[in-house]
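The block underneath contains the structure these notes are about, expressed in structure tokens.
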Amino acid sequence: MIRITMRLRTAVALIAAAASIAALVYAFARVATPASVREPASASVVPARATQPLGVAQGRGTPATWIGHDVMVAYRNLPYAYSCDALWHKVGDILRAAGAWDAVSITPYDCKPGTRGDGRSPQLEVRFLTLRTLSPQQARWAEARVVRETVLLAPGSPQSLTRDDCELLEQTNERLLSVVASLHVTGRPLECTGPAARGAFSLSVATLEPVKPQSGRNG
């Protein structure tokens, strides 16, 4: 009986020792595994993001991102008292033609004749997005690829701009377009004085246009 009891105690001790060793091995594995696994994973992921950020790193154009602007524009002594709707359409169309994102937000003030004036010196709070190029180090954050193009602003381009809007376009250029670093007026400045300017004005703006993605291989 004594021998059986001793053997039983020995077996229990061996089982306990084996369990302790297994627990130590498992604990060591949990501590050691993350460090040995994370390094290869980082090494394989980071270069891939650097060479192909957001799927736009390859192809034509320069990496760019959209940036926001919030500008208060104060017009002075326009030749006409534009309605709030007219200003909303015309200034929004000018911005979109010059490369702004389609969703332009315009809040007009003092655009109707009243106690604060004759409606010819309105103010607009304008919120919009334009593209800005990125350096190679910033390319991972690119949202588009762009090329530099020149657009012509003139009566009928955009469609809401008429031959009576020379002064409106001139002040919009001076107080709105000129504050955007990615927009550059090229060619001759506007001349809105005198009868010769009526219907014959134009403004050339160098802007950034996004490159349209290719739909796939032909055939």
Unmet requirement for Arg49, which otherwise passes all of (1) at pLDDT 75 or above; (2) farther than 16 Å from Glu209 by Cα; (3) out of contact with any Phe, Trp or Tyr (no Cβ under 7 Å at 6 or more places or on another chain) = (1)
Scan (1) at pLDDT 95 or above; (2) in a loop (DSSP other than H, G, I, E, B) for the single condition Ala181 breaks and write down its number.
-> (1)
In segment 104-129, how many are in a loop (DSSP other than H, G, I, E, B), at pLDDT 85 or above and among the hydroxyl-bearing types (Ser, Thr, Tyr)?
-> 1
Yes/no for Glu191 being closer than 20 Å to Gly99 by Cβ and either at pLDDT below 95 or out of contact with any Lys or Arg (no Cβ under 7 Å at 6 or more places or on another chain) (or both) = no
Could you please let me know if Ala86 is assigned to a helix (DSSP H, G or I), within 19 Å of Arg175 (Cβ to Cβ) and more than 23 Å from the chain's Cα centre (by Cα)?
-> yes
Within segment 76-127, can you find the residues that are of a type in the set (Val, Ile, Thr) and either surrounded by fewer than 17 Cβ atoms within 10 Å (Cβ to Cβ) or not assigned by TED's automatic domain parsing to the domain that holds Trp66 (or both)?
-> Thr107, Thr115
Which ones in segment 144-159 are crowded, with 17+ Cβ neighbours inside 10 Å and in contact (Cβ under 8 Å) with a residue 60 or more places away in the chain?
-> Ala144, Arg145, Val146, Pro158
Unmet criterion (only one of (1) more than 30 Å from Glu191 (Cβ to Cβ); (2) touching a His at 6+ places or on another chain (Cβ under 7 Å)) for Phe128 = (1)
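Can we say Leu169 is part of a strand (DSSP E or B), modelled with pLDDT of 90 or more and surrounded by 12 or more Cβ atoms within 10 Å (Cβ to Cβ)? Show your work before the answer.
Details: part of a strand (DSSP E or B): no; modelled with pLDDT of 90 or more: yes; surrounded by 12 or more Cβ atoms within 10 Å (Cβ to Cβ): yes.
So Leu169 does not fit the description; no.
Those residues that are farther than 16 Å from Glu170 by Cβ and touching a residue at least 60 places away in the same chain (Cβ under 8 Å), I need them from segment 94-121; list them, please.
Going residue by residue through segment 94-121, those that are farther than 16 Å from Glu170 by Cβ are 96, 99-119.
Hits for segment 94-121 are Arg96, Gly99.
The values are calculated or read from the model by the stated rules, or taken from the named source; none is laboratory data. Quick caveat: nothing in here was measured; it's all calculated off a predicted structure. Because the Cβ atoms are built from the backbone with ideal geometry, glycine has one as well, and the counts that use them run over all protein chains shown.
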